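First comes the structure, then the notes that go with it.
The values are calculated or read from the model by the stated rules, or taken from the named source; none is laboratory data. Fair warning: this is a prediction, and the values are worked out from it, not measured in the lab. Here Cβ is always computed from backbone atoms with ideal geometry, including for glycine, and neighbour counts include all displayed protein chains. Just the protein is used for accessible areas: all its heavy atoms, side chains included, with ligands, DNA and RNA removed. Shrake-Rupley method; radii C 1.70, N 1.55, O 1.52, S 1.80 Å.
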Amino acid sequence: MHTSIFFFRAASLALLAACSGVTVPDESEVPPPPAAGVAGIYMGLRVNGAGQQYPDYYTFLADGRAFRGTPEEGLNQPLDWAAVCASSECGTYSVSGSQLTFTRQAADPQAFTVGADGVLRKPGSTQGYRRMHVMNDVRPGATYGWLSGADTMMAITLSADGRFRERGTLAWTAWSGPAAPASGEGTYTVVDGTLTLRYDGGPVAHLLLAVPPGVSPAPAPERVYLRTTTIDRLH
């Protein structure tokens, strides 16, 4: 992942303050649990050997598989499971009462407690992993991006008519598809957390679109998680 995204994630730790303690966001801001129970994409904090905190993610799929990370193309696109397992912890999970067990390949099982509020916590830790709201069938009618001082590093407008216009989005999110344009426009859809961008005369890109914990998901969130990074609503 390129340096700009690493820096941005470090600079975005303020938004994860809600994930570091036991305080739960207002009930109106917490998406309800899905029908599959704990299935979903969770966001929290991880501490490295130097004591530095950075964002951490777990995905628990409805089919019983799990991995550490996010589905970068959203939940409406097939996962390359071999590639997922080659780059992150992967395996299966089971839930018994308030206990979730992540049975990992080539590693000991990881246990979580499942709180009544839906927050996952590792034994002995007060740091919580909270479910992100997966966006579906929406047209925000808003512009999202990342500003550095007076400079707009990237921006994407998702219009209410189903059209988009963007600059620097695919590079900023480290999209790995071929022939990534520096800017462009076209049509878009959002299905099960997958933002599909169909460029006029260009490629088709699939990007995870979700709302971080503690951010109200409707009607146009103030902040969204786009494939690999968190960006703010500009207007």
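The shape of segment 104-164 comes out prolate: with a ≥ b ≥ c from the C-alpha gyration tensor, a/c is at least 1.5 and a/b beats b/c.
The convex hull drawn around the Cα atoms of segment 61-158, when projected onto a plane and averaged over every direction, covers 9.5 nm². By accessible area, using a 1.4 Å probe on protein heavy atoms only, segment 96-235 has 49% of its surface on carbon and sulfur.
Accessible area per residue was computed with a 1.4 Å probe on protein heavy atoms; residue 45 scores about 10 Å².
Mind running the shape call on segment 129-172? Use the C-alpha gyration tensor, a ≥ b ≥ c as the square roots of the eigenvalues: rounded below 1.5 for a/c, prolate if a/b tops b/c, oblate otherwise. All intermediate terms of the calculation are to be shown ahead of the outcome.
Values: a/c = 2.28, a/b = 1.23, b/c = 1.86.
Judged from the Cα gyration tensor, segment 129-172 comes out oblate (a/c at least 1.5, b/c at or above a/b).
The residues of segment 73-229 have, on average, 45 Å² of accessible surface per residue, using a 1.4 Å probe with all protein chains present.
Coupling constants for segment 116-131 follow from the phi torsions by the Karplus curve (6.51 cos²θ - 1.76 cosθ + 1.60, θ = phi - 60°), and in residue order they are 4, 8, x, 7, 9, 9, 7, x, x, 10, 8, 6, x, 9, 10, 5 Hz; glycine and proline get x. Using the alpha-carbon positions of segment 78-235, Rg (one decimal) and Dmax (whole number) come out as 18.1, 53 Å.
So if each residue of separation counts as 0.36 nm, and I subtract the Cα-Cα distance between residue 189 and residue 85, what length gain in nm does that give? Result for the pair: 34.6 nm of gain on full extension.
Full extension of the chain between residue 63 and residue 125 yields a length gain of 19.6 nm, computed as 0.36 nm times the residue separation minus the alpha carbon distance. With R₀ set to 22 Å, the beta-carbon distance separating residue 95 from residue 48 gives a calculated FRET efficiency near 0.15.
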